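The values are calculated or read from the model by the stated rules, or taken from the named source; none is laboratory data. For clarity, every value in this text was computed on a predicted model and none was experimentally measured. Neighbour counts run over all protein chains shown; Cβ positions are idealised from the backbone, glycine included.
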C-alpha cells in the first residue's frame with residue numbers, strides 16, 4: 001500500500017491539519033510517512049496544501065507529481081490538482097463550497113457537503129474533520145480508532161469541550177461516504 005495524497009484549500013480550512021492527522025495516525029500504526037506543507041504568505045485566506053505519503057515500505061521521496069488521492073476543499077484547489085490524480089484514484093470535493101463537477105471518468109469522485117454536515121453536528125468549524133472522516137471511510141488508510149485518539153489528544157485540556165463535536169463531525173464524514181458503496 002502506498003497512498004500519495006494532496007490535501008488542499010484556502011488557509012484556515014484545515015487542509016494541512018487533515019494531512020497532519022493522517023501522518024500522525026500512520027506513524028502510530030507503524031507506517032512510513034511524509035508530510036510536506038505548502039502555503040502562501042497569507043495563512044488565512046491564501047492557498048494552502050500539503051503532500052502526504054503513507055506507505056508500508058520505505059518512501060523514496062516525499063515529492064510526487066501524480067497523487068493517488070486528492071482532497072479539494074475549494075475550487076482553485078480542484079482546478080489545480082484534479083487533472084494530476086492517477087487513473088483509478090480518488091477525488092474528494094467539499095461540495096459545500098465547490099459546485100463544479102469533475103469531468104473525468106477514470107477516477108472515483110466523492111462530493112461531500114462538509115459545511116452542511118459540520119453545521120448539523122453543531123460545529124461549523126469542523127469542515128476538515130468531516131472531510132477527514134470521508135477520506136478514511138473510503139481509503140481505510142488508517143484506523144478510525146487511531147484518528148479518534150488523535151482528536152482527543154488534539155483537543156485535550158482547555159479545548160476538551162470540543163472533542164465530542166469533532167469526533168461527531170469525523171464520524172459523520174465516514175457515515176456520509178457509505179452511500180457510495
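Each residue in the range 155-167 was checked for being touching a residue at least 40 places away in the same chain (Cβ under 8 Å) and more than 15 Å from the chain's Cα centre (by Cα), and 1 pass.
Taking the criterion of being without any contact (Cβ under 8 Å) to a residue 24 or more places away in the chain and either on the phi > 0 side of the Ramachandran plot or not in a helix (DSSP H, G or I) (or both), the only residue of the range 126-154 that qualifies is 140. From the list 108, 128, the lone residue that is closer than 18 Å to residue 23 by Cβ and at pLDDT 95 or above is 128. Go through the residues of the range 81-93 one by one and say whether even a single one is within 18 Å of residue 20 (Cβ to Cβ) and either in contact with a helix residue (DSSP H, G or I) (Cβ under 8 Å, 6 or more places away or on another chain) or loosely packed, with under 14 Cβ neighbours inside 10 Å (or both). There is at least one residue in the range 81-93 that is within 18 Å of residue 20 (Cβ to Cβ) and either in contact with a helix residue (DSSP H, G or I) (Cβ under 8 Å, 6 or more places away or on another chain) or loosely packed, with under 14 Cβ neighbours inside 10 Å (or both). Of the numbered criteria (1) at pLDDT 95 or above; (2) in a strand (DSSP E or B), the one residue 67 fails is (2).
Restricting the range 22-32 to residues that are in a helix (DSSP H, G or I) and in contact with a strand residue (DSSP E or B) (Cβ under 6 Å, 6 or more places away or on another chain) leaves a set whose member that is nearest to residue 138 (Cα to Cα) is 22. Looking at 19, 12, which one is outside any strand (DSSP E or B), within 27 Å of residue 175 (Cβ to Cβ) and at pLDDT below 95? Going through 19, 12 in turn, the sole match is 12.
Given the condition buried (at least 17 other Cβ atoms within 10 Å of the Cβ) and over 30 Å from residue 84 (Cβ atoms), answer yes or no: does some residue in the range 137-144 qualify? Scanning the range 137-144 turns up no residue that is buried (at least 17 other Cβ atoms within 10 Å of the Cβ) and over 30 Å from residue 84 (Cβ atoms).
So, residue 55, is that one surrounded by fewer than 21 Cβ atoms within 10 Å (Cβ to Cβ), touching a strand residue (DSSP E or B) at 6+ places or on another chain (Cβ under 8 Å) and farther than 19 Å from residue 177 by Cα or not? For residue 55, the condition - surrounded by fewer than 21 Cβ atoms within 10 Å (Cβ to Cβ), touching a strand residue (DSSP E or B) at 6+ places or on another chain (Cβ under 8 Å) and farther than 19 Å from residue 177 by Cα - is met.
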